[in-house]
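Q: I have a structure I would like to understand better, so I am pasting it below and will then ask my questions one at a time.
The values are calculated or read from the model by the stated rules, or taken from the named source; none is laboratory data. For clarity, every value in this text was computed on a predicted model and none was experimentally measured. Every residue, glycine as well, gets a Cβ built from its backbone with ideal geometry; the counts of neighbours run over all protein chains shown. When the accessible area is computed, the model is the full protein with side chains, heavy atoms only, and any ligands, DNA or RNA have been set aside. Shrake-Rupley method; radii C 1.70, N 1.55, O 1.52, S 1.80 Å.
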Amino acid sequence: MSYFIERISERNIDAFVKIMEASWGKIPSRNYYLNKFNPDYAGIKNIGFIAFDSVSKNPAAFHGVFPQIMNFNKTDFVVAQLSDTVTHPEHRRKGLFKLLFEKTLELCKKENISLIYGFPNQSSYPGYIKFGWSHPYNSIAINGKIKMSLHNKIHRKVLNRNFYFVQEK
C-alpha cells in the first residue's frame, strides 16, 4: 500500500475523528481536538500528521502533539504533550507509526519546541522505547509554583480542578 501525508488542520480534523472511531470504537469531540491542536496561548498550532491511503483516500494513521507553554526559572518555553497516536486497524504493521513520529519530530524541531513528553498507552509504549525515548521515572517531582496561562487558571477555577505533580520514592 502507498500513502500520502497531510499536516493536521481544521480542514482534515474529521479524518482524525474517523481513525479514532475505527480504532477505539468511540467518536471523540471534534471541537475538543480542534482546541487541543490549536492553543491560542502557545503561538503554534497543528503539530501532527495524518496518513491517507493513496487509493481509497481514507485516513489510515495519525501522530502529533499538543503545544503548551512551560515556565522554568522565569523563562517561557514551548513544549508539547504527545497526543492520541492512532492507526486504523486495516493499516497497522505498515510502518506508519514510525513515519508519522519522525515527521512530527521534524516539525517540532522546526517550530522550536523545547521538550516533548507523554504518557503512552500499552500499544504505543514499545514503539516510543524503540525510537529512543526513555522512561527514567514513573512520575516526576516538581517543587514550587508552576506558572499557568490565564486560560488554564480560568479553566481550573471554573471546573475546580487541581493539578498534582507527584514524585515516586
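Q: Let me check I've understood the local charge: for LEU99, count other residues with C-beta under 15 angstrom from its C-beta, Lys and Arg +1, Asp and Glu -1. What total comes out?
A: Overall, the nearby charge balance is +3.
Q: Here's another thing I want to ask about it. Using the C-alpha gyration tensor of the stretch 10-70, what are the square roots of 5 times its eigenvalues, in whole angstrom, with the largest one first?
A: 23, 13, 9
Q: Amide H to amide H under 5 Å from ALA61: which residues, 5+ apart in sequence or cross-chain, H placed 1.01 Å off N in plane?
A: Close amide H contacts, sequence-distant or interchain: ALA51, HIS88.
Q: For the pairs LYS45/LYS110; LYS74/LYS103; LYS74/LYS98, flag any whose C-alpha to C-alpha distance is greater than 24 Å.
A: Table pairs above 24 Å Cα-Cα are LYS74/LYS103; LYS74/LYS98.
Q: May I have the pair-distance distribution P(r) for the stretch 1-121, computed from all Cα-Cα distances with 5 Å bins from 0 and rounded to whole percent?
A: Final binned percentages: 2, 12, 22, 24, 19, 11, 6, 3, 1, 0, 0.
Q: Explain nothing, just compute: Karplus ³J(HN,Hα) = 6.51 cos²θ - 1.76 cosθ + 1.60, θ = phi - 60°, for every residue of the stretch 58-72 in order, whole Hz, x for Gly and Pro.
A: Each residue's phi maps through the Karplus curve to give 7, x, 10, 7, 9, 8, x, 9, 9, x, 8, 10, 10, 10, 9 Hz.
Q: Still on this structure, please answer the following. What is the extension gain from THR75 to TYR32, computed as 0.36 nm multiplied by their sequence separation minus the C-alpha to C-alpha distance, in nm to one decimal?
A: Gain in length upon complete extension: 12.6 nm.
Q: Could I ask something else about it? Please report, as a whole percent, how much of the solvent-accessible surface of the stretch 19-113 comes from carbon and sulfur atoms (probe radius 1.4 Å).
A: So the carbon and sulfur contribution to the accessible surface is 47 percent.
Q: Applying the Karplus parametrisation 6.51 cos²θ - 1.76 cosθ + 1.60 with θ = phi - 60° to the phi angles of the stretch 31-41, what ³J(HN,Hα) value in whole Hz is obtained for each residue in order, glycine and proline being reported as x?
A: 5, 4, 6, 4, 5, 5, 7, 10, x, 4, 6
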